[in-house]
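Working notes for the structure below.
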Amino acid sequence: MVYSVSDLRLPCSPSVYSFNQSSFNASRRSSSFSLLLKKDLFSRKIFAQKSSYDSDSSPLTVASKKVLVPDDQGEGASSLTDELKSPSTISDDPQVIHDVESEEMEDDTEIEVEEQESVPKELSTPLNRKIITEKSEAKPRTIPPPGIGQIYEIDPSLLGFRQHLDYRYAQYKRMREEIDKYEGGLEVFSRGYEKLGFVRSEMGITYREWAPGAKSAALIGDFNNWNPNADIMNRNEFGVWEIFLPNNADGSPAIPHGSRVKIRMETPSGIKDSIPAWIKFSVQAPGEIPYNGIYYDPPEEEKYVFKHPRPKRPKSLRIYESHVGMSSPEPMINTYANFRDDVLPRIKRLGYNAVQIMAIQEHSYYASFGYHVTNFFAPSSRFGTPDDLKSLIDKAHELGILVLMDIVHSHASNNVLDGLNMFDGTDGHYFHMGSRGQHSVWDSRLFNYGSWEVLRYLLSNARWWLEEYKFDGYRFDGVTSMMYIHHGLQVGFTGNYNEYFGYATDVDAVVYLMLVNDMIHGLYPEAVTIGEDVSGMPTFCIPVQDGGVGFDYRLHMAIADKWIEILKKRDEDWKMGDIVHTLTNRRWMEKCVAYAESHDQALVGDKTIAFWLMDKDMYEFMALDRPSTALIDRGIALHKMIRLITMGLGGEGYLNFMGNEFGHPEWIDFPRGDQCLPNGVVITGNGYSYDKCRRRFDLGDADYLRYRGMQEFDQAMQHVEEKYGFMTSEHTYISRKDEKDRVIVFEKGNLVFVFNFHWNNSYFDYRVGCAKPGKYKIVLDSDDPLFGGFGRLDHNAEYFSFEGWYGDRPRSFMVYAPNRTAVVYALVEDEPKVVNDLELVEIPETVKPAAAEPVKESEPDEESEPLDS
């Protein structure tokens, strides 16, 4: 019988379900694995059949011996030899392993640094000093060599910390030189997935695993009836285990596509069955707790073929942060296919040009939001197959949308059954040993970035998703935790440079970040890298060639925190200067992605901006056929203003978490049961409910709800930015931060933004400065009835500038500034062509705007602040 999953068809033998221990003597080719698709009204999941072996069975003695594979097995066979060869030697027989003497890295820099914990020799020895890569066509892409480092010309204030920065750059250059010497360059080094894990050749399958702590190892799975004596692996002196499985007599692979596989190791901690570290797919069978690794290698005719090229990187990023699983309005785990068909067109219509997808890397604990990764090279099977994900990305590219991945290299799940933790039975395999390898708050493991094989693993992982799945870049999670030994915990960064350059800095981690940015931008010049750093590390967005860390953007995390701080205050206590300072507080030449709120603020235990503003009134007064309340009117008005001023002044990119564009009510709460803490305290769960683990897009689409107006405003805001490109305008000038009138005025290019945060006062004939003469018109008005406003402005009005200095500007024009409104005026003579022809959806004519609020005339005080000098 045959089960099918999407386009995946896998044979299934009924005998698999009933074999016992005696079946270990049977042919390993007699059984296979089936993927089952279960689809109902609430979920679509992928399951593996239950295991027919016992992971906790008694210890088995697995022989460890050196086996020479005869040369007559042909291309693809592997062999072990004591012959010494240079790592640069390329063998005509692929995947041949040679013993090469380890060489110590030279370090001529005499700078005192914090002593690092010792690492066993076998953990730090470069693996590729023993592995000769498969013969393949040369790739034209190259990674430029290290530059001369002009960091001090870019930021002269760094000169006082030259010792630390010179040491850091010397370490980076040394690593590049070592990689060039022993691995043939960073381009080759970052293709570890072509050497480790499962590698298919014409003659068979080679499986390699770095597990220096293991005493013996065997490959087990459906293909050999989980017999630990059938396929015993061989170990080289550097801890790499290997086995070659020749094709069957009929030419088919020894391991059928879709088969479950694991590696059984005898370790210092006992017998352990682990999912291969480089596995490309893993699934959780129904009724089981552990995951199973899946040998995923569909026939060529069944593999997804990309049809559309990657879009070019836009000048300004407008990112729609998403989670595939919770992207359905229904209480279910959504799929890659549904996201492709339903959510991507929505993102396009809203005007975003990039989608940032969370929780792609496999994570056994759904409620971790994807941040406790167990299988780094495997896309999450909850949402579909690897080919489903490729189809999603290809569709996004067809729509002109970049696809960014929220990648996690800052830590890993402490899950011993499914992940890297204690993989070979030792504490210091991929991670630091002892307390340094544990994150006390995240309850996760911390990588040892000074380990050669950890560098290979993570660099190859970053390359894999770009190469295999055509992602367009990354948002690197938890970078602050990586860069400091204290992980940023209980540390208040003030901006003093001593906080960044000293013994608290994890130089190995910073060097890794330099290497990964170097690799990504060298191979994919159009790729985008965004770093989540709350510390404000200097040099973060300076190119690696100049001595910086190399990110394209910093995530401007202080903005969201500032809005939460402000929202806790009375309107009378809001300070215009404080808002402007937070939004513009970034280094020269450092691009930032700004956001008013992300997924962090939407999680249970926190509040979204909409919930801070409107609270429980959202449950009863969002219908247009019912009278509004003062709290709702205030909330809707400020929600729009906060988002626009954040986009206008906060950075060169903008991010919004899905659903927050229309003020999604309530919070995100993943399905969970009751949890009993070690101290006996019980944390009540939610009965494994998906009710609050979804996105109610229907609320934003409903023309009878006030959510619709907020969504329409966000859409208009994105399209205005697309049309005028104001986020990346070279000209920015803040001409007013008036604490009395509660008014902020600034220029971006040839646009003039006017914000009136006053809770009561509106201003007639309010004079605002401008740089260029001519006629101005309204291109965005938060008070438009289409956006849930009061309709107090005439959009047909024309505003002519007149000469004379005002607010440090050579010209000015007069406007009407209603209270709690944001209005954008554009210079008509310089109006660009419309980039797209998407039209806004109007609300029904039967909905009448509310009456305008009382107004008060006032002569504003002058206050200006230039940003473009």
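Couple of notes before you dig in:
- Full extension of the segment from residue 202 to residue 764, taken as 0.36 nm per residue of separation minus the current Cα-Cα distance, would add 194.5 nm.
- Farthest towards the positive end of the charge dipole of region 191-295, among the residues 263, 278, 246, is the Cα of 278, using unit charges on the Cβ of Lys, Arg, Asp and Glu.
- Based on C-alpha pairs under 8 angstrom that are at least 6 apart in sequence, region 317-408 has a relative contact order of 33 percent.
- Portion, in percent, of the accessible area of region 317-408 that falls on carbon or sulfur, probe 1.4 Å: 46
- The accessible surface of region 729-827, taken with every protein chain in place and a 1.4 Å probe, is 48 percent carbon and sulfur.
- Region 516-555 - accessible surface per residue (Å², probe 1.4 Å): 18
- Potential lengthening between residue 312 and residue 349 on full extension [0.36 nm per residue; Cα-Cα distance subtracted]: 11.4 nm
- Taking label points 7 Å from Cα along the Cα-to-Cβ direction, residue 740 and residue 795 give a separation of 3.4 nm.
- In this simple spin-label model, placing a label point 7 Å from the Cα along the Cα-to-Cβ direction at both residue 626 and residue 365 gives a separation of 3.9 nm.
- Cα-projected label distance for residue 667 with residue 496, points at 7 Å along beta-carbon direction, nm: 3.5
- Along region 684-700 the Karplus relation, 6.51 cos²θ - 1.76 cosθ + 1.60 evaluated at θ = phi - 60°, assigns HN-Hα couplings of 5, x, 10, x, 6, 8, 9, 4, 10, 10, 8, 10, 7, 4, 4, 5, x Hz to successive residues, with x for each Gly and Pro.
- 3J(HN,Hα) along region 186-192: 5, 5, 6, 4, 7, 10, x Hz, from the Karplus curve 6.51 cos²θ - 1.76 cosθ + 1.60 with θ = phi - 60°, whole Hz, x for Gly and Pro.
- For residue 215, the residues whose modelled amide H falls within less than 5 Å of its own, excluding neighbours fewer than 5 places apart on the same chain, are 266, 267.
- Residue 698-residue 300 FRET efficiency (beta carbon distance; Förster radius 30 Å; 0.05 resolution): 0.15
- Database remark: amide H of residue 603 closer than 5 angstrom to the amide H of 668 (H placed geometrically; neighbours at sequence offset of 5 or more, or on other chains; Pro and chain starts carry no H).
- The order of the peptides 623-635, 212-224, 278-290 by mean Cβ neighbours within 10 Å, most packed first, is 212-224, 278-290, 623-635.
- The slack between residue 341 and residue 603, meaning 0.36 nm per residue of separation minus the straight C-alpha distance, is 91.7 nm.
- Region 222-305 shape via C-alpha gyration tensor axes, a/c threshold 1.5: oblate
- Think of a 1.4 Å ball rolled over the protein heavy atoms: region 191-295 then has 25 Å² of accessible area per residue.
- In region 160-244, Rg over Rh equals 1.20, where Rg is the alpha-carbon radius of gyration and Rh the Kirkwood radius from pairwise Cα distances.
- Efficiency of FRET between residue 441 and residue 808 - r from beta-carbon atoms, R0 56 angstrom, step 0.05: 0.75
- Percent carbon-and-sulfur accessible area, region 191-295, ignoring ligands, DNA and RNA, probe 1.4 Å: 50
- Rounded, prolate or oblate (a/c below 1.5 giving rounded, otherwise prolate when a/b exceeds b/c) for region 664-734 by Cα gyration tensor: oblate
- P(r) histogram, all alpha-carbon pairs of region 353-406 included - 10 Å bins from 0, percent: 26, 50, 23, 2
- With protein chains left intact and a 1.4 Å probe, residues in region 317-408 average 17 Å² of accessible area per residue.
The values are calculated or read from the model by the stated rules, or taken from the named source; none is laboratory data. Being a predicted model, the structure only gives us computed values, none of them experimental. Here Cβ is always computed from backbone atoms with ideal geometry, including for glycine, and neighbour counts include all displayed protein chains. Accessible surface is based on the protein model in full, side chains and every heavy atom, while ligands, DNA and RNA are left aside. Shrake-Rupley method; radii C 1.70, N 1.55, O 1.52, S 1.80 Å.
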